[in-house]
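Q: Handing you this structure, nothing more for now.
The values are calculated or read from the model by the stated rules, or taken from the named source; none is laboratory data. Here the structure is a predicted model, which is why all the values come from computation and not from measurement. Cβ sites come from the backbone with ideal geometry, for glycine too, and all protein chains shown count toward neighbours. Side chains included, ligands, DNA and RNA excluded: accessible areas come from the protein's heavy atoms. Shrake-Rupley method; radii C 1.70, N 1.55, O 1.52, S 1.80 Å.
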Amino acid sequence: MPSRPLSRAATTARDQILEELREDHKRVKKAYKEFQKFDADADPEACSAVVQRVLQELTVHAALEEELLYPAARDALTDDSLVNEAEVEHESMHTLINQLKDLSPEDEKYVARFTVLCEYVTHHVKEEESEMFPELEKVRLDWVALATQINDKRAELTAASEEEDASGQRLSAQATQTENESETGSVAADGQSDDSTDADAPPAPAPRGSRAKRPPATGSRAGRNSTANPA
């Protein structure tokens, strides 16, 4: 006996959930193509910006699936092997994400690790969209409640991710300012040291051949004689 069709609200909620997850997948694929156009040696900042954006989006996306979608799918699906495989694939994905967080574009394996991560995610997405999602479209569960939970969780995680990113930028700016102030202070100290050395140096000797003039005598010999022999 076929199951009753979903209500319009449940169908809308289900389609919204799955479509938003597909959009997450598309953004990661697009970012990976963008990354492939860059040269990490020539433009490390651009590469790092793309990588950090992908890591943040994957972290949010994975949390939504692991905490909300996969548990609901496990309860609703007759065969939970698809959920088990997806969770194991997420474990490997998190390992690569954590490794990349500790690397900079100057690291010799930076590009390789990000490439492996994106290729791995591409494989995971293909299986999820072609196998798990079609099975989920057939099951009955409280899609409306699940959609509300996912929307709330996404907003929470996105806000936290943006705050973390802003905090990191502030710390980086403060570190740069401190470094600049340190360099400025070092230059000023060097200048003061040079001035002090000049002040303590002995006066330069007078040019050779010059002789200091004697002060004039207090009285001439003629004047003294005139006083001794008055007329």
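Q: Could you give every pair whose Cβ atoms fall below 8 Å, whose first residue belongs to the range 23-47 and is more than 19 Å from Glu128 (Cα to Cα) and in contact (Cβ under 8 Å) with a residue 40 or more places away in the chain, and whose second residue is open to solvent by 100 Å² or more (accessible area, probe 1.4 Å) and not in a helix (DSSP H, G or I), counting only separations of at least 6 or pairs across chains?
A: Pairs found: Pro44/Glu106.
Q: Are any residues in the range 119-151 within 24 Å of Ile97 (Cα to Cα) and either open to solvent by 70 Å² or more (accessible area, probe 1.4 Å) or of a type in the set (Gly, Ala, Ser) (or both), and if so, which ones? Full working, then the answer.
A: Restricting attention to the range 119-151, the residues satisfying the condition of being within 24 Å of Ile97 (Cα to Cα) are 119-129, 132, 150-151.
Of everything in the range 119-151, those that are within 24 Å of Ile97 (Cα to Cα) and either open to solvent by 70 Å² or more (accessible area, probe 1.4 Å) or of a type in the set (Gly, Ala, Ser) (or both) turn out to be Glu119, His123, Lys126.
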